[in-house]
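Colleague: Dumping the structure here so I can ask a few things about it.
The values are calculated or read from the model by the stated rules, or taken from the named source; none is laboratory data. Predicted model, so just to flag it, every value in this text is computed and none were measured. So basically every Cβ, Gly included, is an ideal-geometry build from the backbone, and we count neighbours across all protein chains shown. When the accessible area is computed, the model is the full protein with side chains, heavy atoms only, and any ligands, DNA or RNA have been set aside. Shrake-Rupley method; radii C 1.70, N 1.55, O 1.52, S 1.80 Å.
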Amino acid sequence: QALLDTANRQDLSSLHLLFTSQRDREACHALGLLERQTVQFHWNNTNTQGEHFKSFDDFLASLSQDKRKKIKQERRRVADAGVTFRHAVGTDIRTKDWDFFYECYERTYLEHGNAPYLTRAFFTSMQHHMPQHWVLFVAEREGLPIASSLIAVQGLGTPEVVAYGRYWGALERVDCLHFDACYYQPLGWCIDHGVQRFEGGAQGEHKMARALMPTTTYSAHWLAHPAFSNAVARFLDRETVGVDHYLKHLAERSPFKRHEPQ
């Protein structure tokens, strides 16, 4: 209510709350805000007994045979190419590591015709002011770094630690390196450190083959113009039906063993 009062008082055109919790949703619904559903892909560190996976192999054992075989093949291709990985956490990430990561990150954006939206100064600030929230994975071949990926973590050392990812880049092309650097290495680290959840973000149904499952996320919206608000409300009614159908379709493509409910 305070946010709505502020928006009205300042004559703002709209108000948007992203990634609302159940409590947020109830409050927003009571105030008449519009709700939108979207889909992200998250990995949960939970086996069929409701416990954390004990190892990466334990995690692989929960997958269907074809998915398990595919992941092993992809990791083998990277290893056969002579690529190894190391990782660093927090203040152990050295300045030269941050420099190398940004070189990879910048090149990958430019190769796709886009300017990198995060600057080197941003990562310098993270290194100095929020180092405890970052884990860096570096791929090396013949002793030289060739690629890197970076994930953010929240609550490290607590039972509710969550990882978010990921930024990545490479200076050399190696078959399946992207999957290993961006998914298998972070997931292995998450298992080793008791991370509850790895949020891979929106888009990319290919993430399901790596056991990142579709998850509904919610946002709430207030639009000052009544006609505009009504038009958006009608659109959201149609979109919600589509999202529900999309989720049901994705659920049929679960990578987990059919006899093991996930």
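Colleague: Would you please name the residue that is nearest to I151 (Cα to Cα), looking only at residues in segment 94-127 that are small (G, A, S) and part of a helix (DSSP H, G or I)?
Modeller: So the residue we want is S125.
Colleague: Can you name the condition, by its number, that G155 falls short on among (1) modelled with pLDDT under 95; (2) touching a Phe, Trp or Tyr at 6+ places or on another chain (Cβ under 8 Å)?
Modeller: Here G155 clears every test but (2).
Colleague: If we keep just the residues of segment 184-237 that are among the β-branched types (V, I, T) and part of a helix (DSSP H, G or I), which is least open to solvent (accessible area, probe 1.4 Å)?
Modeller: I191
Colleague: Looking only at residues that are open to solvent by less than 70 Å² (accessible area, probe 1.4 Å) and in contact (Cβ under 8 Å) with a residue 24 or more places away in the chain in segment 13-31, which one is farthest from the chain's Cα centre (by Cα)?
Modeller: S14
Colleague: Considering only segment 55-88, how many residues are surrounded by 12 or more Cβ atoms within 10 Å (Cβ to Cβ) and outside any helix (DSSP H, G or I)?
Modeller: Residues meeting the conditions: 10.
Colleague: Of the conditions (1) closer than 30 Å to A139 by Cβ; (2) open to solvent by 50 Å² or more (accessible area, probe 1.4 Å); (3) not in a helix (DSSP H, G or I), T91 fails just one. Which one is it?
Modeller: (3)
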